[in-house]
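Accompanying notes for the structure given below.
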Amino acid sequence: RQRLYQNLVNRHRIIKLIRDFLSDNNFIEIETPILTKSTPEGARDYVVPSRLEAGKFYALPQSPQQYKQLLMVSGIERYFQIARCFRDEDTRGDRQPEFTQLDLEMDFPTQNDILQLIENLFKELIIKIYPDKRIKEFPFPRISYQEAMERYNSDRPDLREENDKGEKDPNELAFAFVVDFPLFEWKKEEKRWGAVHHPFTRPKLESGETISQTIERIKKDPGIPLADQYDCVLNGNEVGGGSLRISEPKLLEAIFEILGHQSEEISAKFGHLLKAFSYGVPPHGGIELGLDRIIMILQNEPSIREVIAFPKTGDGRDLMMEAPSTIDSKQLKELHLKTFNS
C-alpha cells in the first residue's frame, strides 16, 4: 500500500539525515554486540541459551548502555549508533518487543550541550523532510519534572494549541525537554527503591560537595536527590531520554547498593564496568531517541507498527513467520534444555 510504502521511504530518509548530521558533528558510528550479558537494569531480558556452555545464557541488549560507557573509557569522544534494542515487556501501540533507537554518547558534555544538539537535529530534520510541519517553539522549552506534574499532571505534556473545535493541529510539533527528575522512585509492590532512569544516571551534585558527602546524602534519604536526567517530549509522547552518567566507581557502587544489590551481585553483574572505571573515565553523558515513535508521530500514524517493516502484533507475535514457535527435540538437546512438555 502506498501509505505504508511512504512510511518506510521517510523512515529511510530520517535515518540517513541523522547519520549525516551526527557525522558532520564529529560523531563516530560504532556497532555494539547483540549477544551480551543479562544485567538487572529495568525490563525483562530476552535470553539466548549457549550451546557450547551448558546452562549459560546470552541476553539481547535492552540498550547499548554499558558498551557506550566503555567506549567513553576507551577514548572514543563522540559515539552514536542506530541501535536495535530488545525488551521482554507487555506490548502496546507505541511499544514492540524489538525497536530501534538513536543512541549517542559524548565526553565532557554539559546537559545544555546534549539538549542543543538534539534541538538542532530535529530542526534540520523538520526543515528538510517535513517542511509542511511547524515547530511550535525553538529552542524547545525546558520544564522541570515537578512543574510538569503540577501544571499538566504528566511528565510528557502535550503543549500543542487547540483550535476553536478543541482539536490539536497534527502539523504542529510541540517539543519540550523535561528535566530535574527524582533520582529514585519507591517500588511499592517490591518494597525497594528503583532508578527513575537507570542506575548509571548521575545525581545532581551540591556545590563544593565531595563524592563521599554525595553518597552520604543520597543514602540518608533516597527520595530527595534529583538526577541529571532529561526526557524529550513531543506532542504528549516521550520520544527520548538521557542523562549525564556516573563516572566514579564508589558512587556507582553506592547506587547499586541503594537499589538493593548485594556486593557479590554487583561484582558479578557489573564488575567489568567498575574495573574499567578504576583506570579513569572522563565525565560523559548522552541520550537515546525512540526512532519508531518519532517516525510514527511525524507520519501521523496511530501506532509504531505502521512505520516498521514486519512488525509484531500487540501480543508480540510474528504472524507471517508464526513466531514464537517450538523447536525440535534435537535442538533442545544441543542447547541442554528441557521444556515442561518434553
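The values are calculated or read from the model by the stated rules, or taken from the named source; none is laboratory data. Worth saying up front: this structure is predicted, and the values here are computed from it rather than measured. Please note: Cβ atoms are built from the backbone with ideal geometry, for glycine as well, and neighbour counts cover all protein chains shown. Calculation scope for accessible area: heavy atoms of the full protein, side chains included, ligands and nucleic acids excluded. Shrake-Rupley method; radii C 1.70, N 1.55, O 1.52, S 1.80 Å.
Structure notes:
- Residue within segment 301-312 that is assigned to a loop (DSSP other than H, G, I, E, B), without any contact (Cβ under 8 Å) to a residue 24 or more places away in the chain and either more than 30 Å from W186 (Cα to Cα) or open to solvent by less than 80 Å² (accessible area, probe 1.4 Å) (or both) present: yes
- Members of segment 274-300 that are closer than 21 Å to K219 by Cβ and open to solvent by less than 10 Å² (accessible area, probe 1.4 Å): F277
- Residues that are among the small types (G, A, S), open to solvent by 10 Å² or more (accessible area, probe 1.4 Å) and over 30 Å from R134 (Cα atoms) within segment 223-253 comprise G223, S247, listed in sequence order.
- Of the residues making up segment 7-45, those that are under 22 Å from P311 (Cβ atoms), open to solvent by less than 70 Å² (accessible area, probe 1.4 Å) and in contact (Cβ under 8 Å) with a residue 24 or more places away in the chain are N7, N10, R11, I14, I15, I18, A43, D45.
- Top-ranked residue in segment 204-213 [being part of a loop (DSSP other than H, G, I, E, B) and over 23 Å from Q66 (Cα atoms); ranked as nearest to the chain's Cα centre (by Cα)]: E206
- Selected residue [at pLDDT 95 or above and of a type in the set (K, R)] from R92, R44, R19, R87: R19
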